[in-house]
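Participant: Dumping the structure here so I can ask a few things about it.
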Amino acid sequence: MPRRAARRPADRAVTAVPGTRAMSHGHRESYWEIEGTTMDLTAGDAVDPAVRNPQEATALRASLKHLRTEPRGWVFTLKFAFCVALTAVGVAVVLQPVLWCRITGVVLIGCMLAHAAELQHETLHNLAYRSRRANTVTGVVLGLPMLISFAAYKAAHMRHHRDLGTPENREFFDYGDQYGGREKSTFGKAVDWTVRFTMAHHYGLFLKNLGRSLLGREFEGESVRVSRRIRRDHFLALAAVIALVAISFALGSAVVLWVWLIPLVVVAGPVHALIELPEHFGCEVLNRDPFANTRTIRSNRILTWFTNGNNYHVEHHLMPNLPLERLPDLHGEVRGRIRYYNRGYLEYFGKLLRK
């Protein structure tokens with residue numbers, strides 16, 4: 001077997017203990033207790049299910065090693081700053097007492113909130129900066145506008161990478177019929193799509209977990225340390241909402257509605273759901289092969305920026321620790337192996353609507 005690439009100094013060792021547990025959403029799942037929620041998802045770990053010949057697996061891993069690089073913090077800082085700048089423009093526009101300004105501002109702010117969630121995904125994998133603390137602080141801030149707990153999202157997302165292809169797989173954002181595999185009536189499908197695009201489950205879960213946090217309770221299936229961090233995130237989100245409400249009262253205007261609540265519900269939620277929908281929807285989610293259980297969409301530079309490389313999702317599951325700006329390079333190496341591939345979002349959603 002080839003020697004694995006050296007772990008970055010910021011990474012810590014993982015202690016894993018097998019068992020079963022009850023999850024807060026009512027399911028039971030088998031698990032590995034992960035100290036500090038750190039997982040070393042190397043290319044070798046991810047590629048093995050995709051190739052059955054050991055010699056082929058060795059050759060594939062060796063051929064991909066040259067793509068691994070250290071995170072470039074200045075690149076992520078520019079992305080973060082650009083997101084903040086566009087959000088500030090949206091706030092300035094939406095506060096103008098003109099209808100078209102209101103609409104334009106709401107759309108721009110909502111899109112930037114959804115974009116911030118995609119940037120947060122990069123911090124979950126410690127790929128934004130070399131420093132784990134910098135990834136955590138930035139990730140917490142990026143999740144606040146959409147009420148996304150960095151700690152809860154990270155814990156669930158690491159399990160998703162580990163369990164995808166098995167019945168134990170769960171994702172942080174629950175969309176009901178997650179992958180489009182259930183047979184339902186027309187009414188049932190309408191309910192599922194409504195739940196998905198309103199992100200009703202996410203907001204309901206936030207309120208439930210906020211209640212647990214205020215009561216000082218632990219979170220089922222999570223360690224004491226992770227539970228403490230989840231409570232921290234919910235307290236910060238509550239403080240941010242209270243601050244916005246206070247500013248609105250102080251100014252005697254509906255600032256909190258125009259700069260946050262309306263963009264969140266009307267734009268950010270549906271856009272985020274649209275970004276996530278193609279990842280595994282309609283793929284072979286009980287197949288451990290990342291080339292079969294995940295979809296890649298080859299898109300233009302604007303949408304690749306907006307989704308923060310999420311369109312190269314097969315590549316991300318293949319090498320979860322690869323900096324996202326290197327995913328197009330990895331795509332060039334593995335394009336011929338990808339089973340679910342679309343040449344653009346218009347092509348994907350066009351086919352989905354025709355179904």
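Participant: How much net charge surrounds Phe76 when only other residues with a Cβ under 11 Å from its Cβ are counted (Lys, Arg +1; Asp, Glu -1)? Mind dumping the intermediate values first?
Facilitator: Numbers: positive: Arg72, Lys79, Arg130; negative: Glu122, Glu325.
After counting each charged neighbour, the total is +1.
Participant: So what's the gap between the Cα centers of the range 192-251 and the range 80-103, to the nearest angstrom?
Facilitator: First find each Cα centre; the distance between them is then 25 Å.
Participant: Next up: Taking the Cβ of Thr296 as the centre, find all other residues whose Cβ is under 13 Å away and add up their charges (Lys, Arg: +1; Asp, Glu: -1). Intermediate results must be reported in sequence, preceding the final value.
Facilitator: Working: positive: Arg295, Arg298, Arg335, Arg337, Arg339, Arg343; negative: Glu279, Glu315, Glu333, Glu347.
It works out to a net charge of +2.
Participant: Considering Cα pairs under 8 angstrom that are at least six residues apart, work out the relative contact order of the range 160-229 and quote it in whole percent. Provide the component values of the computation, followed by the final result.
Facilitator: Details: 28 pairs, mean separation 15.0, N = 70.
Dividing the mean separation by the residue count of the range 160-229 yields 21 percent.
Participant: Looking at the range 163-257, which GluC sites (Glu not before Pro) are DSSP coil and have at most 10 other C-beta atoms within 10 Å of their C-beta? Could the numbers behind the result be given before it?
Facilitator: On the way: sites: Glu168, Glu171, Glu183, Glu218, Glu220, Glu222; in loops: Glu168, Glu171, Glu183, Glu218, Glu220, Glu222.
Hits after loop and neighbour filter: Glu183.
Participant: Once you keep just the Cα pairs under 8 angstrom separated by 6 or more residues, what percentage relative contact order results for the range 220-355? Intermediate results must be reported in sequence, preceding the final value.
Facilitator: On the way: 105 pairs, mean separation 24.9, N = 136.
Contact order relative to length: 18 percent.
Participant: Starting from the 7 Å offset along Cα-to-Cβ, what nm value, one decimal, do you get for the label separation of Val89 and Arg232?
Facilitator: Distance between label points: 3.4 nm.
Participant: Find, among the trypsin sites (Lys or Arg not before Pro) in the range 188-222, those assigned to loop by DSSP (not H, G, I, E, B) with at most 13 other beta-carbon atoms within 10 angstrom.
Facilitator: Arg217
Participant: Between beta-carbons, use under 13 Å as the cut-off and find the net charge around Arg182, counting Lys and Arg +1, Asp and Glu -1. Please report the intermediate quantities before stating the final value.
Facilitator: Values: positive: Lys184, Lys189, Arg196; negative: Asp177, Glu183, Asp192.
So the environment of Arg182 carries a net charge of 0.
Participant: So if each residue of separation counts as 0.36 nm, and I subtract the Cα-Cα distance between Ser223 and Ala81, what length gain in nm does that give? If you can, show how the numbers build up before the last one.
Facilitator: On the way: separation 142, 0.36 × 142 = 51.12 nm, distance 3.34 nm.
The span from Ser223 to Ala81 would gain 47.8 nm if fully extended.
Participant: Additional query: Quick one: length gained pulling Leu352 to Asn300 fully straight, 0.36 nm per residue minus the C-alpha distance? The partial results should precede the final answer.
Facilitator: Values: separation 52, 0.36 × 52 = 18.72 nm, distance 1.96 nm.
Computed gain between Leu352 and Asn300 is 16.8 nm.
Participant: With each pseudo-label sitting 7 Å past Cα toward Cβ, what's the Arg102-Val137 distance in nm, one decimal?
Facilitator: 3.9
All of the numbers you see were taken from the coordinates with simple rules; none came from a lab. Note that the structure is predicted; figures quoted are calculated from it, not measured. A quick note on method: Cβ atoms are made from the backbone with ideal geometry, for glycine too, and the neighbour counts reach across all protein chains shown.
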